[in-house]
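Chemist: Here it is, the structure in full.
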Amino acid sequence: MVSGPDLNSAQPRFGVEGVLHQLWCAVLGHTNFGIHDSFYAVGGTNESLALLRAEIRKEFGFDLSAAGLGQVPTISSLTLRLRGGAGTGERRVLLPMKRGQEDHTLVCFPPVGGGAARYAHLARRMAGWAVYGLQSVGLNTASTPDTTIESMAARYADEVEKIGSGRRLVFLGFSMGGIIAVETAMIVAERQGAVPDVVVVDAPPSYESPQDAGLDFTTFVHQVLLLDVAVEDEPVERWPAELERVYGTAVELGLLPAKFDKALLHRIAQVYIANSQAAAGHSPTKFDGDITLFQCTGAEEDFGDFGWSEYARGVRLVELPSDHFSALEPDHVNVLVEVLNELYRDDRSG
């Protein structure tokens, strides 16, 4: 029998886990648990589970069913559930992550993993703003991923129309989400006659190959699924079989509960592959607007503006003191918040 992690000491590693840890503390009334502990084993009840469900709805915009929530009773597995989309069978793409001032709205576009939960810490800190997250349609059950950036942008432009008119829209995309944000802004500008502001976080306007866009099995398992399981790089055709092994190992190690929806892992993988391939096959066109580009300074090379000046009317470059994967984590996200509030301070005060 493989011994599992120290369940009483494993602390949150990423932003979503941190938010969930705070919610658990609030509803359980203590802090004596780790990210792999079962909610029920550390004092959770059906009543406190209902409170947790309400808090998750408020913080993330996900309305998880009580039964579904009970099947992922650890912080680590619940994080994976949230980062993999609502997973409730509803075909939800637009998620209200934070209510706020009606005329200032931040719309966050999904990175290569397809989920919106990565923006949780950013949303919580945007005082006075309304924040929406978009997630890849392929994360929902009985659905297939979009396979081109253009089809994604068209879908998201339709979703943005549901937010309503008369608002100052700011589109923000981390990594591959930046490319989709720009493409969606073009469609919205054509429909509404006003160009949305666009913020890109550490992404170029195009990628040369799916691997450059992130198509790597090791990165997928460790950075998207957040599973500390030993893996090797695998060709795409072997991913389904390897995911079965990863799932079995994660359950054996106590990283996932035995009742975790294994199909969700495969849906996230399908979205990840489709998004990586779509980004690599995308040819950017001229954007008649300005972008604010946050460049992570943790990289070994200085990539300048990644080539955005060739495609955008203007580029405002802001350095972000982090590496790529921690750009939206608590230690760094305040830089984004401060810059966004400074850019729109006159509008918000007036």
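The values are calculated or read from the model by the stated rules, or taken from the named source; none is laboratory data. The structure displayed is predicted, hence computed values, not measured ones. All Cβ positions, even for glycine, are placed from backbone atoms using ideal geometry, and neighbour counts span all protein chains on display. Accessible surface areas use protein heavy atoms only, side chains included; no ligands, DNA or RNA. Shrake-Rupley method; radii C 1.70, N 1.55, O 1.52, S 1.80 Å.
Chemist: Can you tell me which residues in region 60-91 are closer than 24 Å to G164 by Cβ, open to solvent by 10 Å² or more (accessible area, probe 1.4 Å) and either at pLDDT 80 or above or in contact with a helix residue (DSSP H, G or I) (Cβ under 6 Å, 6 or more places away or on another chain) (or both)?
Modeler: Matches in region 60-91: D63 only.
Chemist: Output yes when any residue across region 232-253 is assigned to a loop (DSSP other than H, G, I, E, B) and of a type in the set (A, V, I, L, M, F, W, C), and no when none is.
Modeler: Taking every residue of region 232-253 in turn, none turns out to be assigned to a loop (DSSP other than H, G, I, E, B) and of a type in the set (A, V, I, L, M, F, W, C).
Chemist: F171 fails exactly one of the following numbered conditions: (1) closer than 22 Å to G61 by Cα; (2) modelled with pLDDT of 90 or more; (3) assigned to a loop (DSSP other than H, G, I, E, B). What is the number of that condition?
Modeler: (3)
Chemist: Run R124 past the list (1) open to solvent by 10 Å² or more (accessible area, probe 1.4 Å); (2) more than 15 Å from the chain's Cα centre (by Cα); (3) at pLDDT below 95 and report the number of the one that doesn't hold.
Modeler: (2)
Chemist: Also, I was wondering about something else. Would you check if A54 is at pLDDT 85 or above and not in a loop (DSSP other than H, G, I, E, B)?
Modeler: Criteria met by A54.
Chemist: Take the residues in region 169-187 that are β-branched (V, I, T) and touching a strand residue (DSSP E or B) at 6+ places or on another chain (Cβ under 6 Å), then tell me which one is surrounded by the fewest Cβ atoms within 10 Å (Cβ to Cβ).
Modeler: V170
Chemist: Just one of the numbered conditions (1) open to solvent by 60 Å² or more (accessible area, probe 1.4 Å); (2) in contact with a Leu (Cβ under 9 Å, 6 or more places away or on another chain) is not true of H222; which one?
Modeler: Looking at each condition in turn, H222 falls short on (2).
Chemist: Next question, about the same structure. Does G138 qualify as being open to solvent by less than 50 Å² (accessible area, probe 1.4 Å), modelled with pLDDT of 95 or more and small (G, A, S)?
Modeler: Taking the combined requirement at face value, the residue does not satisfy it.
Chemist: Restricting to region 188-202, what's the tally of residues that are out of contact with any Phe, Trp or Tyr (no Cβ under 8 Å at 6 or more places or on another chain) and either open to solvent by 40 Å² or more (accessible area, probe 1.4 Å) or among the charged types (D, E, K, R) (or both)?
Modeler: 6
Chemist: From the list V200, V188, which one is under 23 Å from E319 (Cβ atoms), outside any loop (DSSP other than H, G, I, E, B) and in contact (Cβ under 8 Å) with a residue 24 or more places away in the chain?
Modeler: From the options V200, V188, the qualifying one is V200.
Chemist: Hey, another quick one. Could you tell me how many of the residues in region 286-319 are touching a residue at least 40 places away in the same chain (Cβ under 8 Å), part of a strand (DSSP E or B) and open to solvent by 50 Å² or more (accessible area, probe 1.4 Å)?
Modeler: 2
Chemist: In region 124-143, what count of residues is obtained for those that are aliphatic (A, V, I, L, M) and closer than 10 Å to V337 by Cβ?
Modeler: Counting residues in region 124-143 that are aliphatic (A, V, I, L, M) and closer than 10 Å to V337 by Cβ gives 2.
Chemist: Still on this model: How about region 127-156: which of its residues are in a helix (DSSP H, G or I) and under 18 Å from the mean Cα position of the chain (by Cα)?
Modeler: Selection gives V137, G138, L139, I149, M152, A153, R155, Y156.
Chemist: Could you tell me which residue of region 241-285 is most open to solvent (accessible area, probe 1.4 Å), considering only residues that are among the basic types (K, R) and either at pLDDT 95 or above or within 16 Å of G113 (Cβ to Cβ) (or both)?
Modeler: R245
Chemist: Quick one: which of V131, V112 is over 20 Å from R191 (Cβ atoms), open to solvent by 10 Å² or more (accessible area, probe 1.4 Å) and among the β-branched types (V, I, T)?
Modeler: V112
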